[in-house]
Amino acid sequence: MEKNMEKVRCDWASGHELEEKYHDEEWGHEQHEDQKLFEMLILESMQAGLSWSTILKKRKTLTVVMLILLKVKWAQRLKAAAQGGQWLVQGNSLHL
């Protein structure tokens with residue numbers, strides 16, 4: 001027998017479509033995908049001093065900019081390595 005259950009949301013997510021979607025589909029769910037974790041780290045750091053509503057509204061733009069910056073950084077590193085730069089391994093990271 002099915003029970004008619006109403007979704008329970010935190011107060012901060014009620015009444016705003018983006019916040020409701022984020023709350024229901026992402027907030028509190030485990031995440032193991034590196035790119036998604038990095039996106040969330042960037043969004044959380046951008047949130048400092050801003051409302052979460054503002055960040056969610058700008059999310060697509062912030063994600064695109066983040067990906068562009070990552071590609072530029074890797075292109076710079078590859079170019080430097082091709083010109084004789086040395087890769088330095090520190091822990092799990094590669095540095096020029």
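For a label point 7 angstrom out from the Cα of Ala81 toward its Cβ, which stretches of the range 35-56 have the backbone nitrogen within less than 20 Å?
Once the point is set 7 Å along Cα→Cβ of Ala81, 35 turn out to lie under 20 Å by backbone N, inside the range 35-56.
Take the Cβ-Cβ distance between Leu69 and Glu17 as r, set R0 to 35 Å, and report the resulting FRET efficiency rounded to the nearest 0.05.
My answer for the efficiency is 0.75.
Bear in mind that the values in this text are calculations on the coordinates, not laboratory data. Keep in mind the model is a prediction, meaning the values are calculated, not measured. Note: ideal-geometry Cβ built from the backbone for every residue, glycine included; neighbour counts use all protein chains shown.
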